[in-house]
Amino acid sequence: MVVIPPVDLTEQFKAIQADVNAAVAEVLASGQYINGPVVQSFAESFGQYVGTDHCVVCNSGTDALYLALRALNLGPGDEVITSPFTFIATAETISAVGATPVFVDIDLATFNLDITKIEAAISDRTRAIMPVHLFGRPVDMGPILDVATRYDLVVIEDCAQATGAEWQGRQVGSLGHVGCFSFFPTKNLGGCGDGGAVTTNDEALAATMAMLREHGSRVKYHHEAIGVNSRLDSVQAAILAIKLRYLDQWNQQRQRVAQRYQELLSTLGEVVLPQEANFGKAVWNQYTLRLPSATAAGQERNQVQQLMRDMGVLCMVYYPLPLHLQPVYGHLGYQPGAFPAAEVAAHQVLSLPMFPELGADQQARVVEALKQALVGAGVRATQYC
């Protein structure tokens, strides 16, 4: 049985293998593996792509969030509003600097922050809003920026899953005070290891983040702050520079894959399909649908996932337990039911295979496996539409 994985990086590599091999060999021959000209060149190119004046590259998307929070002087006593339905790094970095994540429920139609609920969560300790452009679909940034302006808050965009996504014609990561990106291999722009970047139009903020990533040092062996070691190495920068040239093409292929799913699944009433908002352009890091019949424990969804796996189609669940119910955040006092939309999503979501090279025949097989799995799990009475 030929398995269809959630993401396949091998076909992408085959297309650029010669360029990657040459670029890596050149870096290795140069002997400049850390903070060399290749790193600086990629940082400048990525900042230009996003549309900001400055870009600070670092070791991971998690570090990008951490560096942004540190540079903005967020810490103990401060609150940061964010989503409970995202990867742990979003809230984890808020906690890592000593601040407190304050969760706001999501819009079930988009999986992003429910912008109508943000203002009610603001207190006299709120310092920032951290929207997450989840699954490659942009948040409606207009209302968030308006609220931030009224309350004098900073906006930190978590763009880890959305490189290349747009809001009203502007790239995500160029809208708030800072944008934080991940170059984890499965991201739209992914390296061959960890990597990240922070984008901003604030020169002083960029300089502070660059200082913090170098052990709190602007001048070698002179340290003005407790920093971290978070440098993007030259090999990763060389690979990412090549991939950046193809990013728009690959995102367009993702959009075509998403559109094919929409067409193939349009008559399948047992699932709720994701929709692209009219205010922006999605880049579909994930194609995530919902099974509205799934119960509070998500057993039906889990059974559908397992049945599809048995048929050689591997799907993913992002994320089965919202952050406010994670054991690590038990001290915040959130109880089940606190954020009903996030909890419903956690029990119902299923991400189908999604990568630029996913072929039409493969997608047809994915959809047929989904239909059969829905029957097997008792969600559908028949396998025919």
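Values in this text are rule-based calculations from the coordinates and carry no lab data. Predicted model, so just to flag it, every value in this text is computed and none were measured. Note that we place each Cβ from the backbone using ideal geometry, even for glycine, and neighbour counts take in every protein chain shown.
A few points about this structure:
- Among the residues of segment 163-176, those identified as touching a residue at least 12 places away in the same chain (Cβ under 8 Å) and surrounded by fewer than 20 Cβ atoms within 10 Å (Cβ to Cβ) are Glu166, Gln168, Arg170.
- Looking across Ala91, Ala160, one residue alone is part of a helix (DSSP H, G or I) and crowded, with 24+ Cβ neighbours inside 10 Å. It is Ala91.
- Filtered residues of segment 121-143 (kept if in contact with a Lys or Arg (Cβ under 8 Å, 6 or more places away or on another chain) and assigned to a loop (DSSP other than H, G, I, E, B)): Pro138
- Qualifying residue in segment 144-152 (condition: in a loop (DSSP other than H, G, I, E, B) and buried (at least 19 other Cβ atoms within 10 Å of the Cβ)): no
- So Val20, is it crowded, with 20+ Cβ neighbours inside 10 Å and either out of contact with any Gly (no Cβ under 9 Å at 6 or more places or on another chain) or in contact (Cβ under 8 Å) with a residue 12 or more places away in the chain (or both): no
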